[in-house]
């Protein structure tokens, strides 16, 4: 260091290094994403990577498995041609939209209908095979690996369906303009597009991302609000978790404008407040929106110590509605039972017998390109014992008459 | 002491950028730097209950985690690279010219040069310019404060030579 020039050069290099280290920072949004990952992982560190990889399928955690577990087995059925094979539903006219309508999903229900006919609607595709589930289990129940083998199905319940038609809802795929308008109403400013999103937006204390319909697994157009570190907790003395979620949604004018029931998962941090969406089926009542596994979904607010960390819900879109002929309850039951495993003369292991004893009308999303549909379906369920565990088996079959569905 | 511990969120906010810059100088690429930084803070988050300020400063604690995570990364990458070369029987791929052009931006290029220094020199430069004292640098590198100073100055000269040679 005796050479003055060398000393000056080293000092200059040090200043450059100071500047370089001072200005080298991660990309915008990384801080919020990582913070969310950490908060979501607190109760389940082993699932950290899954949390980010499932970034926009929303984080849905499964509680740990206790010894006396009740497991859920979902056997969801591909309904293509099932009802047709059972020889039912052939008598109705083709293109059976007898009522048409237009409603906005922001309205509670599709009440005011206009004329319209969607023609043959696409046939929903459900998961075919056993999967585990937990969200509809009793609080003490836990998930285990789904029952892997074949089952024999019987129907022991009562299912008197008094309706012969049900509404099918159709919406046009939202555009970037739609996403921008939604974001603008929230006061968020566009930052980027791409990566599968219609837009990524920034507000003062959160990042907003808006996504269109996902084809596989089917998922509705949705928004995702990721709170930044400056997002304050919701302060309300004596408030329940649902109260806090309600307040947060009200603050951002995001309250559900559709029918719902609330389910709260407080088994881990963050607590998940789920607004399970319902469609009103005239003559039947409320029918839940379910995914391909039969899980109810809608809007979700995740709270960590009273602080909203994530909110995700369906992007409001305008929809039309039309009345479609549906299969009878007996035909639906037959279609469900058709998914019994074929009888075997000498099976290697005993095939469990499953008594399906519950049935309900539900709605499922059926993506179909520029327009997608919420279609009615029947969901049958029943519990059974196998391998010292209790499983819940669900079978979904399309409700729309086969003559009015595209093959 | 528990009462002396800052809220984790405050520490996260204060150190995220510095840890990222440190890691970035070690690995030379932003994607790897993000992955490692994420791992650093997740490890820190889970270990925070065991962190005691009487034993170390938050900076030294976090940079120790960062250093370990970076070394783990190099070990894993070394295994992957060796395996890949064995399978493909090919030498290491050359840098993408477009990527190289991007890296010519002055500070990025300088950080890249830091990443090319020998391990201990690289760490001395990175830790020092991440705001640690020579005492803390020495603590992390397992040497005295004076030895850390000497190591740093040798690293600085080495970096200057590389920079002059390549016109950074």
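Things worth noting here:
- Any chance residue A:257 is farther than 18 Å from residue A:317 by Cβ and either within 16 Å of the chain's Cα centre (by Cα) or in a loop (DSSP other than H, G, I, E, B) (or both): no
- Against the test of being out of contact with any helix residue (DSSP H, G or I) (no Cβ under 6 Å at 6 or more places or on another chain) and under 20 Å from residue B:123 (Cα atoms), the options B:56, B:37 yield a single qualifying residue, B:56.
- Considering (1) part of a helix (DSSP H, G or I); (2) in contact with a strand residue (DSSP E or B) (Cβ under 7 Å, 6 or more places away or on another chain); (3) in contact (Cβ under 8 Å) with a residue 60 or more places away in the chain, the lone condition that residue A:320 does not fulfil carries the number (1).
- Any hit, the range B:40-57, residues being under 16 Å from the mean Cα position of the chain (by Cα), facing chain A (nearest Cβ under 9 Å), crowded, with 18+ Cβ neighbours inside 10 Å and without any contact (Cβ under 8 Å) to a residue 12 or more places away in the chain: no
- Residue tally, condition more than 18 Å from residue A:363 (Cα to Cα) and in contact with a strand residue (DSSP E or B) (Cβ under 8 Å, 6 or more places away or on another chain), over the range A:394-407: 1
- Of the listed requirements (1) in the same structural domain as residue A:176 (by TED's automatic domain parsing); (2) touching a helix residue (DSSP H, G or I) at 6+ places or on another chain (Cβ under 9 Å), residue A:296 misses just one: (2).
- Qualifying residue in the range A:362-379 (condition: within 25 Å of the chain's Cα centre (by Cα) and at pLDDT below 85): yes
- Once the range B:108-133 is narrowed to residues that are away from chain A (no Cβ under 13 Å) and outside any helix (DSSP H, G or I), the residue that is surrounded by the most Cβ atoms within 10 Å (Cβ to Cβ) is B:133.
- From the options A:208, A:299, residue that is touching a strand residue (DSSP E or B) at 6+ places or on another chain (Cβ under 8 Å), modelled with pLDDT of 95 or more, buried (at least 22 other Cβ atoms within 10 Å of the Cβ) and assigned to a strand (DSSP E or B): A:299
- Candidate set: the range A:245-269, residues that are under 9 Å from residue A:301 (Cβ atoms) and in contact with a strand residue (DSSP E or B) (Cβ under 6 Å, 6 or more places away or on another chain); chosen: the one surrounded by the fewest Cβ atoms within 10 Å (Cβ to Cβ): A:248
- So residue B:69, is it part of a helix (DSSP H, G or I), within 14 Å of chain A (Cβ to nearest Cβ), at pLDDT below 90 and closer than 17 Å to residue A:38 by Cα: no
- Restricting attention to the range B:134-168 and to residues that are away from every other protein chain (no Cβ under 13 Å) and under 20 Å from residue A:19 (Cβ atoms), the residue that is modelled with the lowest pLDDT turns out to be B:167.
- Members of the range A:163-180 found to be free of Cβ contacts under 8 Å to residues at least 60 places away in the same chain and under 29 Å from residue A:287 (Cβ atoms), listed by number: A:175
- Qualifying residue in the range A:175-183 (condition: more than 18 Å from residue A:31 (Cα to Cα) and in a strand (DSSP E or B)): no
- Of residues in the range B:1-15 being buried (at least 16 other Cβ atoms within 10 Å of the Cβ) and more than 9 Å from chain A (Cβ to nearest Cβ), the one modelled with the lowest pLDDT: B:11
- One residue alone among A:395, A:351 is touching a helix residue (DSSP H, G or I) at 6+ places or on another chain (Cβ under 6 Å) and outside the structural domain of residue A:286 (by TED's automatic domain parsing), and that residue is A:395.
- In the range B:16-35, the qualifying residues are those that are away from chain A (no Cβ under 11 Å) and part of a helix (DSSP H, G or I), and the one that is farthest from residue B:67 (Cα to Cα) is B:32.
The values are calculated or read from the model by the stated rules, or taken from the named source; none is laboratory data. This one's a predicted model, so the numbers in the text were calculated from it and none came from an experiment. Note that each Cβ is placed from the backbone with ideal geometry, even for glycine, and that neighbours are counted across all protein chains shown.
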